[in-house]
Amino acid sequence: MSTVPGSGIVRGMALTFRRFFEPKATVRYPEVRPEIAPRNRGRLQLLHDENGHLKCETCFQCAQACPIECIDMGGVDTRGRYNVHWGPAETYGERREEAALRRSGRPVPDAAFASFAEVDLGPVSAVLVAHDHDPAHMLGILEETQAAYGYLPVAALRHISFATGAWYAMVYGTASYYRQFRLAPPADGDPALAAADRRPSEASFLSALDAALGMGPRPAPGNARTGDAAGPRA
Amino acid sequence: MTRLLATPPSWPRVLTAGFGADDPTDLDAAVRAGAFAGLARAIRGHGRTGTIAELRVSGLRGRGGGGYPTAEKWHTCATTPADVRYVVAHGYEADPGTRVAQALMEQRPYAVVEGAAIAAFAVGAAEAIIAVRAEYGEAIRRLRLAVERATDAGHIGTDVLGSGADIAVSVRPVQGAYMLGEETVLLRALEGKRGQPEQRPPYPAERGLFDRPTVVNDVVTLAAVPWILVNGPEAYAAIGDPDAPGTVLVQVAGAVTDPGVAEVPTGTPLREIVDLAGGLASSYRLKAVVVGGPAGAILPPRELDTRYTFTALREVGASAGSGSILVADERTCVVDLATLLTRFCADEACGKTIPCRIGLRRLAEIGERAVTGHARPTDPVLLADLSADIVASALCDHERGATRPLTTVLRYFRDELDEHQIRSACPAGVCRPIAVASGAAAT
Ligand SMILES: Cc1cc2nc3c(=O)[nH]c(=O)nc-3n(C[C@H](O)[C@H](O)[C@H](O)COP(=O)(O)O)c2cc1C
Ligand code: SF4
Ligand code: FES
């Protein structure tokens, strides 16, 4: 706090005058071009490796990290099917759906694309109301949504993102990470497909491990199983 | 239940006392056996800081793999300024082949609940969450019953023992992937987010669940806490190795006659632990033991004198990890085994960082080239360099651990690896290399 009246104005004007005589930082743009660092990407562009494959793995890291959500993935997959999830398709030219599903440990049956159809949003809205639209309840919201539809339809995921304010990349990333979620309707009558809905790596790892160690088949898992949640595990 | 292996009568039973009871959820029987006496002592006698001080004297270190001193973790959590604190009991048991936590939660539900409640009291948390692997249906059922009965009886709940402290314990099934074992991933799962690790520090004890200070302890660590408070920290510190006293739960499996779970004092030589499982099932000689689960070290017989302590294991390139000890006889090819483990670790890696997403995949490929007879002349050097880079640049302990199978094979089974990489041959006769002319496996 100043005690002399007017001293604040004097100090302020002193700053103004100092700045007035300092050299300016303005670049007179079209005539003078600023130096651009070699790693600056400007407009987002995906790079190809030496074999011509896209280097992007569709891991959603960048979309999840981008604070203003300008990054998202959408477009046409490697089989030429249109399956935009969200956001402008032109930003990321090609969405490698196959890769996304592979990362999630799930097979890519054609039935998966039924999940892009429009659905009745009534059930998911009810779930959201029950959870107070709170994004901290995401797992619960997703679990109940899956219980309502039998799987997680893309339209419902979008609605969850919209209603909770959680980024779509985050909602999708969560849904595709946990073993209990299905992004496609369960394949009726095809137990092989239904089983493959779950993360297959643990069961096959254990049987390979047993084989490598020359062990016989493991005893059936005791009481350690609960309904649908259980992957084969010994 | 997984079999409990018989151990010498002189070995103390801190965790497995009471295993095999008719009904482990019977509260009266449990209380007669001493349940909730530790919590009462903490509240009536020691108080918050006193409880942590007792724990410090006991020398208890985390059984989740890292071996971090439990008292320090609790102290950090208790002294970090915050409005809310949490305790998370880690019962996810990430290693798909190990079931020690499952056995403990099924057989001693009250010890786990009480341990979590003591932690909550000591750090000033009103909520303790026991996160259990969703497949462990029976463990979840028993833990829930235990929480319900203990709450009804007033052992936990609101205003416990008139102390004014509220301790709510809840049981949360979690499922997902191997990576949920990592503590920051488990916390993300409890928050409902995608399971990827966070940079540490800040450790969860400073900023954890919902950004609040959170104690994350293995259920095995927590189950020892009531015993320590009842029998005194000096008694616990006198068990096993002075550097990391107490007992550990291990699981011995693989090519042994009698696989099962056992409680052993720390510092017990690996050989003695392996012998608990009744020796080899075949007439072949022992070739290797895999210590610590999928990201485990593959040790040769001459390292069997290694004592089971955090420091001694680290010196031979291993980690206690999930408590799993897998025994392999001479029919096993260690290169094949290491490749299998590395591939699993690479598949389960979360994809967040480059060592995790790309590094582990390249590492698994080195192993795969070796077992299929396609090794490149540069592979031995690449294996050493890449592993060192991954260890140096990893975000979480999963990537660091995932280098162990192949690096320990490089360290202890160099001859066998060379046979694969240089001559495209498998001495154990397991791998069927697509043999190119001998020595000309370069691509
Ligand atoms: C890949 C990975 C898997 C893990 N799995 C487990 C596990 O199954 N159970 C566990 O208690 N800790 C596990 N941990 C260790 C935890 O991150 C954490 O350090 C531990 O639970 C802390 O408890 P403690 O202090 O009682 O050891 C794992 C860590 C990593 C990196
Ligand atoms: S999704 Fe983003 S971060 Fe992940 S590989 Fe593609 S461009 Fe890179
Ligand atoms: S496993 Fe992905 S960062 Fe550690």
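Of note:
- Comparing B:153, B:128, B:338 in a Gaussian network model of chain B (Cα springs below 10 Å), the most mobile by mean-square fluctuation is B:153.
- Its Cα gyration tensor gives region B:338-436 an equivalent ellipsoid. The semi-axes, each the square root of 5 times an eigenvalue, are 24, 12, 11 Å from largest down.
- Taking label positions 7 Å along the Cα-Cβ direction at both residue B:163 and residue B:3, the computed distance is 4.1 nm, reported to one decimal.
- Under 16 Å from residue A:55, Cα to Cα: aspartates and glutamates that are on another chain or at least 8 residues apart: A:72, A:77, A:94, A:97, A:98
- Max mean-square fluctuation residue, GNM over chain B, Cα-Cα springs under 10 Å, options B:102, B:199, B:421: B:199
- Where no second cysteine Cβ lies under 4.7 Å, the cysteines concerned in chain B: B:77, B:333, B:345, B:350, B:356, B:396
- Positions from region B:1-21 whose accessible area shrinks by 10 Å² or more when the full protein complex is built, not the chain alone, probe 1.4 Å: B:1
- The mean count of C-beta atoms from other chains within 10 Å of the C-beta of residues in B:185-197, rounded to a whole number, is 5.
- Residues losing 30 Å² or more accessible surface upon assembly, region B:322-361, compared with the chain by itself, 1.4 Å: B:326, B:332, B:337, B:340, B:344, B:348, B:357, B:361
- Computed packing ranks the peptides B:284-291, B:321-328, B:9-16, B:112-119 as B:112-119, B:321-328, B:284-291, B:9-16, most packed first, by mean other Cβ atoms within 10 Å.
- log₁₀ of I(q)/I(0) at q = 0.07, 0.10 Å⁻¹ - chain B, Debye sum with one point per alpha carbon: -0.35, -0.70
- Of B:187, B:304, B:55, the one that fluctuates the most in a GNM where chain B has Cα springs shorter than 10 Å: B:304
- Within 10 Å of the Cβ of each residue in A:176-186, the mean number of Cβ atoms contributed by other protein chains is 3.
- The modelled label-to-label distance between residue B:138 and residue A:29, using points 7 Å beyond Cα along the C-beta direction, is 7.1 nm.
- Compactness of region B:247-329 as Cα Rg over 2.2 N^0.38 Å, two decimals: 0.95
- Solvent-accessible surface of chain B, averaged per residue with a 1.4 angstrom probe and all protein chains in place: 35 square angstrom.
- Listing of region B:129-158 residues, each with accessible area lower by at least 20 Å² in the full protein assembly than in the chain alone (probe 1.4 Å): B:133, B:134, B:135, B:137, B:138
- Centre separation in Å (Cα based) which lies between region B:238-252 and region B:144-219: 25
- Applying 1/(1 + (r/R0)^6) with R0 = 35 Å to the Cβ-Cβ distance of residue B:243 and residue A:136 gives a FRET efficiency near 0.30.
- Reach of residue B:287 by Cα under 15 Å, taken over aspartates and glutamates that are not fewer than 8 positions away in the same chain: B:275, B:303, B:305, B:329, B:330, B:336, B:415, B:416
- For region B:3-51 versus region B:289-354, the spacing of their alpha-carbon centroids is 32 Å.
- The label point for residue B:385 and the one for residue B:10, both projected 7 Å from the Cα toward the Cβ, are 5.3 nm apart.
- Size of the B/A contact, given as accessible area buried on both chains, probe 1.4 Å, in Å²: 3800
- Counting, for every residue in B:281-291, the Cβ atoms of other protein chains within 10 Å of its Cβ and taking the mean gives 1.
- Atom-type composition of the exposed protein surface of region A:122-177 places 61 percent of the accessible area on carbon and sulfur (1.4 angstrom probe).
- Counted residue by residue at 0.36 nm each, then reduced by the alpha carbon distance between them, the extension gain from residue B:315 to residue B:53 reaches 91.3 nm.
- For chain B, the dipole from Cβ point charges (+1 on Lys and Arg, -1 on Asp and Glu) about the Cα centre works out to 460 debye, to the nearest 20.
- Helix B:109-123 vs. chain B, principal-axis angle (Cα, 0 to 90°, nearest 10): 70
- Rounded to 10°, Cα long-axis angle of helix B:219-231 versus longest principal axis of chain B: 40
- Accessible carbon and sulfur surface of chain B relative to its total accessible area, %, 1.4 Å: 51
- Length available on full extension from residue B:32 to residue B:378: 0.36 nm per residue minus the Cα-Cα distance, which gives 118.1 nm.
The values are calculated or read from the model by the stated rules, or taken from the named source; none is laboratory data. Given the structure is predicted, the values throughout are model-derived calculations rather than measurements. Every residue, glycine as well, gets a Cβ built from its backbone with ideal geometry; the counts of neighbours run over all protein chains shown. For the accessible areas, the whole protein counts, side chains as well, though only heavy atoms, and no ligand, DNA or RNA atoms are used. Shrake-Rupley method; radii C 1.70, N 1.55, O 1.52, S 1.80 Å.
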